[in-house]
Amino acid sequence: VYTAYPPGYGEGTQVAIRASTYINASYKRVLDIMLDDTRSSSYDRNVNVYKQLMVKEEERTFIRHYWFHPVWPTQARDTVMVSTWEEQADGSVVISTLGLPDYIEPSEGTVRAYVCSSSCHMRPGYSPHKCPIPKETWKLDDPKGHTQTEEGNREEGEKDEEWCHVTFCTHVDPGGSVPAFVTNLLGPNNSLKCLLSMKDIVEREEKEKAPLKMGLAGVS
């Protein structure tokens, strides 16, 4: 996804950005914080304020208006976006976001940024220690067209439900007159900082609740 250009974009424009990390916590904690607008500024320091424009929880549809702090020497940005999420066949969860640039007018004194595409992919059970290897990758095609299995060379591995693997992928047009090379230069670092900040928050909260879990487990 991050290598594809949205319609109207191509070579010479800002690139899509991808950042990934393992998180020592249940994916449900990651999902909770990602769906909670009140917490977005805790891991993304660029967020100023937000307003929910439409929330349909039963349809997993959320439309929000976000305002971001200005980054010198550019103006402040705002964006309107719609998000939804769903569980995939492999058990992973994807939060997908698209911009709605014409949903409402840009705020006075801001430049409208456009979210071409943005997603958060959470894979439950994947850890840096024990990563499941899909069975379909066990087979190799030889030059003669036969299929041979690497028996004994690969193990399926075990899922560790205390871990998850999270990937951010985003392609945002900041609008205005910001050169593409500036976005390409600063964007990847900012995206990774947001992801790692979110990781720190989730893991800290997981550790804080661990003693409580142990205490409850000992009560009969």
Candidates Thr74, Thr79, Thr38 - the one that is modelled with pLDDT under 95 and among the β-branched types (Val, Ile, Thr): Thr74
Top-ranked residue of the range 103-124 - restricted to ones that are surrounded by 19 or more Cβ atoms within 10 Å (Cβ to Cβ) and free of Cβ contacts under 8 Å to residues at least 60 places away in the same chain, ranked as nearest to His165 (Cα to Cα): Ser118
The range 82-102, residues that are over 18 Å from Met122 (Cα atoms), modelled with pLDDT of 95 or more and not aliphatic (A, V, I, L, M): Gly99
Residue count, the range 9-52 (criterion: touching a helix residue (DSSP H, G or I) at 6+ places or on another chain (Cβ under 6 Å), of a type in the set (A, V, I, L, M, F, W, C) and under 27 Å from Gln75 (Cβ atoms)): 4
In the range 201-213, the residues that are free of Cβ contacts under 8 Å to residues at least 12 places away in the same chain and either of a type outside the set (Lys, Arg) or under 12 Å from Arg18 (Cα atoms) (or both): Glu208, Ala210, Pro211, Leu212
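The values are calculated or read from the model by the stated rules, or taken from the named source; none is laboratory data. All values derive from a computational prediction rather than experimental measurement. Cβ sites come from the backbone with ideal geometry, for glycine too, and all protein chains shown count toward neighbours.
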